[in-house]
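The values are calculated or read from the model by the stated rules, or taken from the named source; none is laboratory data. Everything numeric in this text was worked out from a predicted model, so none of it was measured. For neighbour counting, all protein chains shown are included, and Cβ atoms are generated from backbone atoms with ideal geometry for every residue, glycine included.
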Amino acid sequence: MNTLRLKVILSIILVVSGVFLGLSFTKNSDSSGTNTFLLDFGDYNIKGGTASEGSNASEALVGMCTELGYPITYDGDGSVKTINGLPGAGDKRSWNLYVLNESSAWEKYSGNPSEYKLNEGSASWGLCAEGRTPTPMVDASGYSFYNLGVAKRIVCLAPSCTETVCALGGEDLIVGTDRYSNYPATIAAKRAAGIIAETGSYTTPSMEKILQLNPDLVIGISSQYSHTQMIQKLRAVGINGVVTGDGESLQTVYDNTYMVGVAMGIPDKATQITEKLKEQVEQTRTFVSSTTERPYIMVSLSTDKAPWVAGVNTYISDIYSKSGAYNAFDGSVNVHINKDKTIDGWKQANPESIVESNPQIILVISQYESTQQNYDFIMANLPEEWKSTDAYKNDKIYMVCGSAADLMQRPSTRLAQATELVGRIFHEDSFPDKIAIPKFFGNEYANYLTYSKTL
């Protein structure tokens with residue numbers, strides 16, 4: 001019996017038994033990668049493997065370092081001082097053992113590492129600063145993304161997942177996507193030609209279509225409950241899946257990129273791309289750090305009187321901090337509003353809050369084509385509240401269209417491009433080439449980039 005037919009039969013059995021619809025959103029205690037043991041030097045420099053049966057955390061550390069040729073030194077109390085010479089002089093990080101708590105998050109182990117048996121769960125020796133924890137080991141559903149093998153057939157349930165797989169060099173491995181995945185452009189072209197299958201909408205993926213594709217890895221996002229449920233069901237019939245984080249910050253996007261690469265079986269590539277993204281974001285931050293001006297910015301999904309805007313704890317808001325601006329709806333930094341007026345997440349702003357927060361720059365994520373006629377139309381039809389802002393008075397309202405609009409909203413591997421683009425809007429003169437950003441732009445946005453044009 002072939003693998004695909006077996007999976008279909010198993011899924012039917014689950015439906016009949018009632019298990020199919022009854023799977024809960026909980027950590028899978030039998031997940032692949034259980035008892036995984038990691039050595040985390042920071043910055044995604046991670047060595048890992050599966051611990052020997054019955055070994056404790058101290059024994060596993062010695063065994064791994066012996067195999068890798070890494071010397072270990074100890075302090076007088078027996079705690080680990082250095083591994084392979086790290087931390088060096090002046091480095092305030094220290095080595096500690098971390099274990100997964102009930103919420104599947106890292107927690108510093110307070111006992112003796114030689115007493116922690118690795119058959120109790122996965123663990124990581126991490127080189128971390130005070131208050132920090134190692135790189136995540138489990139996805140947003142509490143499932144380990146280590147030791148899943150090398151993916152050869154991938155299904156992506158969201159555009160951000162598709163972009164991440166492609167950035168990691170896996171475009172040719174994709175056999176199915178949601179209908180909205182459109183970057184790179186070759187993805188949409190392949191779907192139109194039937195080379196890549198459509199697996200449903202962003203919110204309603206089709207189990208039947210996914211099973212027909214016989215994937216060995218399915219990737220979704222935690223903000224869509226349907227993705228989490230779908231991946232739980234697929235795991236039940238033997239198909240690997242990972243649920244990426246919501247992407248409310250740049251750090252979560254870095255972690256998602258690393259997670260997807262490890263799940264694909266290419267950890268070295270995952271580290272390389274993740275570090276490259278961080279370097280490109282840091283390049284923009286370095287340029288804009290030379291100016292003390294920090295304008296207040298509003299990113300809106302329309303020019304409605306009460307539009308949906310990006311508040312704090314959103315991907316695009318975190319980009320502001322790296323590109324030299326403040327979120328106009330963050331009461332902790334905007335002197336015009338109180339802290340209790342802070343908008344958290346993507347929310348609808350009332351007209352009064354736009355007047356009160358007084359953004360100095362406004363980016364409108366538009367569904368229109370990037371043309372002078374369309375830009376003139378939206379400017380001529382702005383609500384009066386918008387016209388009271390410094391952004392309107394100083395001609396600092398931008399219309400972002402097409403692929404550029406997508407990258408502003410999708411927490412994916414184009415984050416460095418979004419950061420450079422926004423940084424240039426805020427502080428054009430801070431960049432050596434002083435490329436000017438027009439008041440409206442779309443699919444050609446890469447023409448205005450230098451440092452993050454490619455990975």
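No other residue among G265, G220, G261, G241 is modelled with pLDDT of 95 or more and surrounded by fewer than 21 Cβ atoms within 10 Å (Cβ to Cβ) apart from G265.
Across segment 283-299, what is the total count of residues that are in contact (Cβ under 8 Å) with a residue 24 or more places away in the chain and surrounded by fewer than 21 Cβ atoms within 10 Å (Cβ to Cβ)? Break it down stepwise before answering.
Let us first name the residues in segment 283-299 that are in contact (Cβ under 8 Å) with a residue 24 or more places away in the chain, namely 283-285, 287-291, 293-299.
Okay, now just the ones that are also surrounded by fewer than 21 Cβ atoms within 10 Å (Cβ to Cβ), so 283, 285, 287, 289-291, 293-295.
Total meeting the criteria: 9.
When segment 231-247 is filtered for residues that are within 8 Å of the chain's Cα centre (by Cα) and not small (G, A, S), the ones remaining, listed by number, are T244, D246. Screening Q232 on (1) surrounded by 20 or more Cβ atoms within 10 Å (Cβ to Cβ); (2) in contact with a Leu (Cβ under 6 Å, 6 or more places away or on another chain); (3) polar (S, T, N, Q) shows it passes everything except condition (1). Given the condition free of Cβ contacts under 8 Å to residues at least 60 places away in the same chain, assigned by TED's automatic domain parsing to the domain that holds M298 and basic (K, R), answer yes or no: does some residue in segment 418-426 qualify? Scanning segment 418-426, I find at least one residue that is free of Cβ contacts under 8 Å to residues at least 60 places away in the same chain, assigned by TED's automatic domain parsing to the domain that holds M298 and basic (K, R), so the answer is yes. D340 meets the conditions (1) touching a helix residue (DSSP H, G or I) at 6+ places or on another chain (Cβ under 9 Å); (2) over 28 Å from E279 (Cα atoms); (3) at pLDDT below 95 in every case but one. The failed one is (1). Every test in (1) surrounded by fewer than 16 Cβ atoms within 10 Å (Cβ to Cβ); (2) out of contact with any Phe, Trp or Tyr (no Cβ under 8 Å at 6 or more places or on another chain); (3) among the acidic types (D, E) is passed by E107 save one, and that test is (2). A search for C-beta distances below 9 Å between a residue of segment 124-147 that is under 14 Å from P267 (Cα atoms) and any residue that is crowded, with 22+ Cβ neighbours inside 10 Å and acidic (D, E), counting only pairs 6+ apart in sequence or on different chains, returns T135/D40; F145/D139. Only a single item in (1) surrounded by fewer than 20 Cβ atoms within 10 Å (Cβ to Cβ); (2) more than 16 Å from the chain's Cα centre (by Cα); (3) part of a helix (DSSP H, G or I) is not met by S302, and it is number (3).
Annotation: of all residues in segment 122-135 being buried (at least 17 other Cβ atoms within 10 Å of the Cβ) and in a loop (DSSP other than H, G, I, E, B), the one that is farthest from the chain's Cα centre (by Cα) is S122.
Scanning segment 404-433 for residues that are under 18 Å from the mean Cα position of the chain (by Cα), among the small types (G, A, S) and surrounded by fewer than 24 Cβ atoms within 10 Å (Cβ to Cβ) gives a single hit, A405. Among the residues of segment 136-180, the ones that are of a type in the set (A, V, I, L, M), within 18 Å of the chain's Cα centre (by Cα) and in a helix (DSSP H, G or I) come to 2 in all. If I221 satisfies every condition in (1) in contact (Cβ under 8 Å) with a residue 60 or more places away in the chain; (2) not assigned by TED's automatic domain parsing to the domain that holds I154 but one, which is the exception? If we test I221 against (1) in contact (Cβ under 8 Å) with a residue 60 or more places away in the chain; (2) not assigned by TED's automatic domain parsing to the domain that holds I154, just (2) comes out false.
None of I187, I196, I210 is modelled with pLDDT of 95 or more, under 23 Å from V253 (Cβ atoms) and surrounded by 18 or more Cβ atoms within 10 Å (Cβ to Cβ) except I187.
Every listed requirement among (1) closer than 30 Å to F145 by Cβ; (2) out of contact with any Ser or Thr (no Cβ under 8 Å at 6 or more places or on another chain); (3) surrounded by 14 or more Cβ atoms within 10 Å (Cβ to Cβ) is met by L277 save one, (2).
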